[in-house]
Amino acid sequence: MKMLDAKIEKALNRQINHELTAAYSYFAMSAYFEGISLSGFAAWMMRQREEELQHAARLYNYLMDRGGKSDFPPIGSPQVEFSSVIDVFETALKLEQVNTAEINDLYQLAAGVQDFATLSAMQWFLDEQVEEEKSMGEMLDMVKFAGNDKGALLVLNQQLAKGNAGQNDAPA
Ligand code: FEO
């Protein structure tokens, strides 16, 4: 296999950073939920954080397998203040949509240099993004249904604590 193109190496490093930034964002969202005593929502966000860390590790492993170099740039501070539960999920859904666009860009870049191995690796991420956007969109719908009904939010909170709602069913 030919050596990793410098543009692809850079883009993979950038994507690792995006995934770590997403993990950091979900960490902050979890902290927000702890702060308003919704520990089920906090646990759900921690599970999203874990997934993002796994995505970063998967990209890193691929980069290493291809003989690439990791550049470890700083990870940006996440948003920590939110106006409501709905605001958190709107922010999270936007984050996933941006991530999808970034993966699409990486895919396009790999296609441009005929890097078929990277295209194959990115296919997994494209499929995963479909699940991630779906899962986040469903969570947003649920909290919108609940609206200002604190009872409904508490029921949802209990279900999330048990892992009974809003699960991303994509393979890890
Ligand atoms: Fe790794 Fe939620 O995208």
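The values are calculated or read from the model by the stated rules, or taken from the named source; none is laboratory data. None of the values given here were measured: they were computed from a predicted structure. Here the Cβ positions follow ideal geometry from the backbone for every residue, glycine too, while neighbour counts run over all protein chains shown. What goes into the accessible areas is simple: the full protein's heavy atoms, side chains included, and nothing from ligands, DNA or RNA. Shrake-Rupley method; radii C 1.70, N 1.55, O 1.52, S 1.80 Å.
Considering only region 55-70, state which residues are away from the ligand (no atom under 16 Å from the Cβ) and in contact (Cβ under 8 Å) with a residue 60 or more places away in the chain.
66, 67, 68, 69
Checking the conditions here, which among 90, 34, 102, 50 is touching a residue at least 40 places away in the same chain (Cβ under 8 Å) and closer than 19 Å to residue 139 by Cα?
Matching residue, one of 90, 34, 102, 50: 90.
So that you can scan it fast, the table gives a plain yes or no per residue for (1) open to solvent by less than 10 Å² (accessible area, probe 1.4 Å); (2) polar (S, T, N, Q):
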{"position": "16", "(1), (2)": "no, no"}
{"position": "22", "(1), (2)": "yes, no"}
{"position": "30", "(1), (2)": "yes, yes"}
{"position": "33", "(1), (2)": "yes, no"}
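Name the residue that is farthest from the ligand (Cβ to nearest atom), counting only residues in region 84-128 that are more than 24 Å from residue 42 (Cβ to Cβ) and among the polar types (S, T, N, Q).
Ranking the qualifying residues of region 84-128, first place goes to 114.
Given the criterion at pLDDT below 95, open to solvent by less than 90 Å² (accessible area, probe 1.4 Å) and either touching a strand residue (DSSP E or B) at 6+ places or on another chain (Cβ under 7 Å) or not β-branched (Val, Ile, Thr) (or both), identify the matching residue among 157, 168, 148.
Just a single option satisfies the conditions, and that option is 168.
If we keep just the residues of region 1-46 that are hydroxyl-bearing (Ser, Thr, Tyr) and more than 13 Å from the ligand (Cβ to nearest atom), which is nearest to residue 87 (Cα to Cα)?
32
With the structure loaded, tell me whether residue 26 is open to solvent by less than 10 Å² (accessible area, probe 1.4 Å) and closer than 24 Å to residue 163 by Cα or whether it fails that test.
Taking the combined requirement at face value, the residue satisfies it.
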